[in-house]
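Asker: Here's a structure for you.
The values are calculated or read from the model by the stated rules, or taken from the named source; none is laboratory data. These figures come from a predicted structure and were not determined experimentally. Here the Cβ positions follow ideal geometry from the backbone for every residue, glycine too, while neighbour counts run over all protein chains shown. Accessible surface is based on the protein model in full, side chains and every heavy atom, while ligands, DNA and RNA are left aside. Shrake-Rupley method; radii C 1.70, N 1.55, O 1.52, S 1.80 Å.
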2 protein chains.
Amino acid sequence: MIPIYKNPKASEWSTILKRPTQSYANIETDAKTIFNEVYAERDKAILKYAKRFDHYQNTFFNVSNQEMDVAIDKVSDELKNAIQDAFQTIYKFHKAQSHFNSPKIETKKGVFCWQKKKPIQKVGLYIPGGSAPLFSTVLMLAIPAKIAKCHEIILCTPPSKNGEIHPAILYTAQLCGITQIFKVGGIQAIAGMTFGTESIPKVYKIFGPGNQYVTIAKQIATTYGVAIDMPAGPSELLIYADKTCIPEFVAADLLSQAEHGEDSQVILVAREMETILQVNTALGDQIKNIPRQAIAEKAIANSKCILMKNIESAFNLINSYAPEHLIIATNQAETLSEKVVNAGSVFLGNLTPESAGDYASGTNHTLPTNAYAKQYSGVNLDAFMKTITYQTLDENGVNSIGSTVEIMAETEGLTAHKNAMTLRLKSLNL
Amino acid sequence: MIPIYKNPKASEWSTILKRPTQSYANIETDAKTIFNEVYAERDKAILKYAKRFDHYQNTFFNVSNQEMDVAIDKVSDELKNAIQDAFQTIYKFHKAQSHFNSPKIETKKGVFCWQKKKPIQKVGLYIPGGSAPLFSTVLMLAIPAKIAKCHEIILCTPPSKNGEIHPAILYTAQLCGITQIFKVGGIQAIAGMTFGTESIPKVYKIFGPGNQYVTIAKQIATTYGVAIDMPAGPSELLIYADKTCIPEFVAADLLSQAEHGEDSQVILVAREMETILQVNTALGDQIKNIPRQAIAEKAIANSKCILMKNIESAFNLINSYAPEHLIIATNQAETLSEKVVNAGSVFLGNLTPESAGDYASGTNHTLPTNAYAKQYSGVNLDAFMKTITYQTLDENGVNSIGSTVEIMAETEGLTAHKNAMTLRLKSLNL
């Protein structure tokens with residue numbers, strides 16, 4: 001049974017909705033040591049830590065063509081078809097985000113400004129290992145990187161104890177056209193992509209989820225001038241439900257989030273107590289039948305059911321929590337979704353489980369956790385590009401903004417700035 | 001005379017184009033101490049450091065209405081008109097970047113996905129003090145924040161020794177509709193906006209340039225969950241010029257960058273040696289006549305003239321340097337600009353000085369330095385917003401992607417994810 005709170009006051013929300021905390025202080029020191037070693041020793045340091053943490057025995061970590069062929073053979077046709085289906089929807093949605101060039105704007109007579117989006121030339125994708133082979137994350141990162149036309153796309157993922165990568169990950173990478181794959185995980189992988197080694201190219205931006213080691217390593221990478229997609233934290237789901245929801249579906253969705261990890265958090269915000277009780281009953285039935293029951297039970301212990309009689313208050317609470325995933329489980333979901341200001345991805349209606357977006361609706365599943373939805377977007381096509389601005393002045397332009405530039409530059413005490421415009425003005429008005 | 005390099009090999013570029021380095025190690029410890037004190041002591045700690053660093057004697061730091069009125073009276077009508085002119089161009093260009101909602105994409109039968117951009121609700125703008133009152137930066141940050149409809153926009157800027165803020169900064173803030181202004185600068189301002197104090201509201205994202213103290217403080221802010229616009233470094237300009245350039249204009253533009261600070265860097269990439277010599281001669285004449293000659297001379301010492309006979313090599317070099325500002329000083333600038341992949345803002349043609357974009361062309365002047373143009377955009381409207389994705393499935397949608405989700409979830413070992421879809425499929429196919 002998830003703990004229940006009835007119509008809490010706004011002043012209590014932050015306490016009720018507190019996320020499970022994590023402390024990284026002791027990891028940070030170790031991580032910095034690994035970064036320093038990878039900077040100095042490159043592949044040698046990578047191999048040292050691959051051996052220590054992943055029990056990796058080989059002396060190189062590129063995935064060979066032969067290894068790729070073997071892996072592709074191992075993936076069933078059924079799974080290949082499913083991955084190809086998901087590829088199509090994700091490709092379609094991200095391709096639709098292409099707006100590479102903006103129109104030229106004449107901001108004042110003879111002054112023209114515009115923007116162009118250009119790919120980030122070198123990007124690194126990190127795919128976690130661990131208990132589940134996250135080939136779906138390969139789709140989510142590689143597809144927009146390819147649509148953006150990033151020049152160099154590399155992928156790092158930790159090997160299993162026998163030194164291999166799950167065939168579905170390799171198959172998906174190959175389907176997406178990723179050719180540089182390295183069997184390296186954890187802090188040493190992030191450090192390798194940050195500095196570059198003999199084997200691993202240096203990249204300009206690193207994408208992808210990971211455990212607390214990867215999270216802290218990505219944070220350190222930013223201090224060396226590498227960009228990251230976003231800070232990461234444990235996954236979370238908030239469901240808003242009213243009496244038009246289907247309690248069995250709500251329970252199944254809560255469990256789908258709870259099985260991710262013991263530190264996952266699920267929140268139910270309901271309009272009626274009856275809904276809360278029905279969902280809890282269904283959840284009690286369903287949890288017995290999932291293999292990851294033990295993990296889900298611990299996550300459920302972090303979770304809350306909150307009764308909110310007032311719709312406006314309910315959405316104020318939701319926006320203050322800023323959930324990574326938000327399901328609006330009602331028959332008027334799209335209208336209610338207008339009230340959402342802070343969320344990563346929103347799932348509308350009783351027929352839209354979070355797992356649709358995790359795999360195959362087309363939206364990206366790399367999303368801001370830990371309330372970062374207040375200021376960060378999930379991964380999208382723009383995350384693989386940067387915007388350059390352009391401007392040009394003709395003779396009219398110099399005359400129309402020239403004196404404005406002169407006066408402002410002079411007031412800021414920047415005479416040479418003024419001078420650059422004055423020379424042009426004089427040349428036109430001899 | 002700027003040092004000259006003739007047709008250097010690509011392997012030499014990174015050495016020639018090395019930026020002036022900075023070490024932040026000792027600042028970081030002090031900065032963390034100030035963050036800890038502001039977290040614990042709030043306004044009390046802010047006042048302590050405002051007194052120590054800015055000799056601030058007051059016991060509060062909000063700008064009062066009366067102070068604002070006095071400041072507005074002090075700004076000349078000529079300057080007011082110039083600032084209003086610049087406001088119009090900057091507003092027009094940033095308003096044209098509004099694409100808040102994307103169309104709904106049917107990614108597969110019955111599966112609909114879309115995006116909406118929403119404002120970041122609470123943003124903090126930092127305006128440096130120091131030798132020049134950067135009211136132009138108020139325009140560059142406040143205008144897009146207002147267009148984005150950020151709910152709470154606060155501004156921090158250090159007071160002068162007599163406890164005041166330059167009237168032009170206050171006038172510009174008022175013109176942009178910024179009402180919460182705090183006379184606090186440096187590390188304590190960034191810490192205040194990170195945690196919130198009795199006076200200063202906590203924000204979700206911090207924007208604005210600053211010296212090395214502000215830069216390191218913004219980096220620390222990110223470790224507390226606050227986003228920043230981009231990492232900052234000394235300003236820089238690269239000019240590409242061929243024989244169709246006007247050497248006096250090129251020299252004036254190089255000087256306008258050089259006067260920013262001793263650690264500024266200016267680079268001239270020219271097709272002919274004659275251009276380099278003509279620009280150096282003009283620069284020698286002009287530098288004597290600017291008040292900030294001493295600063296500019298030190299910056300010039302960090303600078304380079306590079307002769308590149310081959311156009312493709314020249315633009316490869318430019319893209320490897322990734323300049324904050326790039327002037328293409330030729331009569332075919334727009335065609336050549338197609339070769340630009342990495343730059344913050346590009347200025348096309350002989351009539352377009354960098355100072356046009358610094359103040360009034362309409363583009364933003366808050367741009368990525370230190371080669372960050374490889375992966376970061378300058379500040380634009382999108383920087384004040386985040387993107388939320390939405391999806392909804394109807395009955396057709398559940399049937400069209402349901403089995404794909406089931407197979408992928410099962411392979412990733414996430415049975416509850418599969419189950420959430422299976423229940424929906426069963427309900428439709430009884």
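Asker: Among the residues of the stretch B:203-247, which ones are more than 22 Å from A:Thr223 (Cα to Cα) and within 16 Å of the chain's Cα centre (by Cα)?
Answerer: Once the filter is applied, which keeps residues that are more than 22 Å from A:Thr223 (Cα to Cα) and within 16 Å of the chain's Cα centre (by Cα), the stretch B:203-247 yields only B:Leu237.
Asker: Could we say that B:Asn419 is of a type outside the set (Lys, Arg), more than 21 Å from the chain's Cα centre (by Cα), open to solvent by 30 Å² or more (accessible area, probe 1.4 Å) and more than 8 Å from chain A (Cβ to nearest Cβ) here? Explain how you work it out, then say what you get.
Answerer: Working: of a type outside the set (Lys, Arg): yes; more than 21 Å from the chain's Cα centre (by Cα): yes; open to solvent by 30 Å² or more (accessible area, probe 1.4 Å): yes; more than 8 Å from chain A (Cβ to nearest Cβ): no.
No; evaluated as a whole, the condition is false for this residue.
Asker: Please count how many residues of the stretch A:349-380 are over 16 Å from B:Ser102 (Cβ atoms) and either assigned to a loop (DSSP other than H, G, I, E, B) or more than 8 Å from chain B (Cβ to nearest Cβ) (or both).
Answerer: Adding up the residues that qualify gives 15.
Asker: Let me ask something else. Would it be correct to say that B:Ala258 is modelled with pLDDT of 95 or more and under 29 Å from the mean Cα position of the chain (by Cα)?
Answerer: Values: modelled with pLDDT of 95 or more: no; under 29 Å from the mean Cα position of the chain (by Cα): yes.
So B:Ala258 fails the test.
Asker: Working only within the stretch B:250-278, note down all residues that are out of contact with any helix residue (DSSP H, G or I) (no Cβ under 8 Å at 6 or more places or on another chain) and not in a loop (DSSP other than H, G, I, E, B). Walk me through how you get there before you give the answer.
Answerer: Keep residues of the stretch B:250-278 that are out of contact with any helix residue (DSSP H, G or I) (no Cβ under 8 Å at 6 or more places or on another chain), which gives B:272-274, B:276-277.
Once the filter is applied, which keeps residues that are out of contact with any helix residue (DSSP H, G or I) (no Cβ under 8 Å at 6 or more places or on another chain) and not in a loop (DSSP other than H, G, I, E, B), the stretch B:250-278 yields B:Met273, B:Glu274, B:Ile276, B:Leu277.
Asker: Would you confirm whether or not the stretch B:31-48 contains a residue that is within 14 Å of chain A (Cβ to nearest Cβ) and surrounded by fewer than 16 Cβ atoms within 10 Å (Cβ to Cβ)? Walk me through it before giving the result.
Answerer: First, pick out the residues of the stretch B:31-48 that are within 14 Å of chain A (Cβ to nearest Cβ): B:31-32, B:36.
Add one more test, that the residue is surrounded by fewer than 16 Cβ atoms within 10 Å (Cβ to Cβ), and what stays is B:36.
The answer is yes; a qualifying residue exists.
Asker: Scan the stretch B:382-391 and give yes if some residue there is within 30 Å of A:Gly413 (Cα to Cα) and not aromatic (Phe, Trp, Tyr), otherwise no. Write out each step before concluding.
Answerer: Restricting attention to the stretch B:382-391, the residues satisfying the condition of being within 30 Å of A:Gly413 (Cα to Cα) are B:383-384.
From what's left, not aromatic (Phe, Trp, Tyr): B:383.
Yes, that holds for at least one residue.
Asker: Which count do you get for residues in the stretch B:381-395 that are assigned to a helix (DSSP H, G or I) and either acidic (Asp, Glu) or more than 16 Å from A:Asn342 (Cα to Cα) (or both)? Talk me through it step by step, then tell me what you get.
Answerer: Just the residues of the stretch B:381-395 that are assigned to a helix (DSSP H, G or I), to begin with: B:381-384, B:395.
In the following step, the residues that additionally are either acidic (Asp, Glu) or more than 16 Å from A:Asn342 (Cα to Cα) (or both) were identified as B:381-382, B:395.
Final tally of qualifying residues: 3.
Asker: Ok, one more. Quick one: A:Phe112 ticks every box in (1) within 12 Å of another protein chain (Cβ to nearest Cβ); (2) touching a helix residue (DSSP H, G or I) at 6+ places or on another chain (Cβ under 6 Å) except a single one, so which number is it?
Answerer: Failed condition: (2).
Rundown of residues vs (1) under 30 Å from B:Thr33 (Cβ atoms); (2) in contact (Cβ under 8 Å) with a residue 12 or more places away in the chain; (3) under 17 Å from the mean Cα position of the chain (by Cα), yes/no style:
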position: B:His99; (1), (2), (3): no, yes, no
position: B:Cys113; (1), (2), (3): no, yes, no
position: B:Pro119; (1), (2), (3): no, yes, no
position: B:Pro144; (1), (2), (3): no, yes, yes
position: B:Thr157; (1), (2), (3): yes, yes, yes
position: B:Leu170; (1), (2), (3): no, yes, no
position: B:Cys176; (1), (2), (3): no, yes, no
position: B:Gly185; (1), (2), (3): yes, yes, no
position: B:Ala191; (1), (2), (3): yes, yes, no
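Asker: Identify the residue in the stretch A:325-348 that is open to solvent by less than 10 Å² (accessible area, probe 1.4 Å) and part of a loop (DSSP other than H, G, I, E, B) and, among all such residues, is nearest to B:Gly110 (Cα to Cα).
Answerer: Residue satisfying both the conditions and the ranking: A:Thr330.
Asker: Moving on to the next point. I need the full set of residues from the stretch B:298-324 which are touching a Phe, Trp or Tyr at 6+ places or on another chain (Cβ under 7 Å) and within 14 Å of another protein chain (Cβ to nearest Cβ), in order please.
Answerer: B:Ile318, B:Ser320
Asker: Right, next: Restricting attention to the stretch B:272-316, and to residues there that are farther than 16 Å from B:Trp13 by Cα and of a type in the set (D, E, K, R), which single residue is surrounded by the fewest Cβ atoms within 10 Å (Cβ to Cβ)?
Answerer: Of all residues in the stretch B:272-316, those farther than 16 Å from B:Trp13 by Cα come to B:272-301.
Narrowing the set further to residues that are of a type in the set (D, E, K, R) leaves B:272, B:274, B:285, B:288, B:292, B:297-298.
On the way: B:Glu272: 14, B:Glu274: 11, B:Asp285: 11, B:Lys288: 7, B:Arg292: 20, B:Glu297: 13, B:Lys298: 15.
Out of the qualifying residues, it is B:Lys288.
Each row is one residue, and each column tells you yes or no for (1) more than 24 Å from A:Gly378 (Cα to Cα); (2) within 7 Å of chain A (Cβ to nearest Cβ).
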| site | (1), (2) |
| --- | --- |
| B:Gln391 | no, yes |
| B:Asn396 | yes, no |
| B:Gly402 | no, no |
| B:Ala409 | no, yes |
| B:Thr415 | yes, yes |
| B:Lys426 | yes, no |
| B:Leu430 | yes, no |
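Asker: Additional query: I need every pair where a residue in the stretch B:230-249 that is outside any loop (DSSP other than H, G, I, E, B) has its Cβ under 8 Å from the Cβ of a residue that is of a type in the set (D, E, K, R), sequence separation at least 6 or different chains.
Answerer: Within 8 Å, the pairs are B:Glu236/B:Arg19; B:Glu236/B:Glu324; B:Leu237/B:Asp253; B:Leu237/B:Glu324; B:Leu237/B:Glu354; B:Ile239/B:Asp253; B:Ala241/B:Arg271; B:Phe249/A:Arg424.
Asker: Right, something else. Does B:Ala371 fit the bill of being in contact (Cβ under 8 Å) with a residue 24 or more places away in the chain, within 29 Å of the chain's Cα centre (by Cα) and surrounded by fewer than 23 Cβ atoms within 10 Å (Cβ to Cβ)? Break it down stepwise before answering.
Answerer: Numbers: in contact (Cβ under 8 Å) with a residue 24 or more places away in the chain: yes; within 29 Å of the chain's Cα centre (by Cα): yes; surrounded by fewer than 23 Cβ atoms within 10 Å (Cβ to Cβ): yes.
Judged against the criteria, B:Ala371 is a match.
Asker: So, in the stretch B:312-324, exactly how many residues are assigned to a loop (DSSP other than H, G, I, E, B) and small (Gly, Ala, Ser)? Outline the logic, then answer.
Answerer: Just the residues of the stretch B:312-324 that are assigned to a loop (DSSP other than H, G, I, E, B), to begin with: B:322-324.
Now drop any that are not small (Gly, Ala, Ser), which leaves B:322.
Of the residues in that region, 1 qualify.
Asker: To continue, here is another question. Just wondering, is there one or more residues in the stretch B:292-311 that are over 20 Å from A:Gly402 (Cβ atoms), assigned to a helix (DSSP H, G or I) and modelled with pLDDT of 95 or more?
Answerer: Step one: of the stretch B:292-311, the residues over 20 Å from A:Gly402 (Cβ atoms) are B:292-311.
Still in the running and assigned to a helix (DSSP H, G or I): B:293-301, B:311.
Still in the list and also modelled with pLDDT of 95 or more: B:311.
Yes, because at least one residue in the stretch B:292-311 is over 20 Å from A:Gly402 (Cβ atoms), assigned to a helix (DSSP H, G or I) and modelled with pLDDT of 95 or more.
Asker: What's the total number of residues in the stretch B:197-219 that are open to solvent by less than 10 Å² (accessible area, probe 1.4 Å) and either on the phi > 0 side of the Ramachandran plot or away from every other protein chain (no Cβ under 14 Å) (or both)?
Answerer: Residues meeting the conditions: 3.
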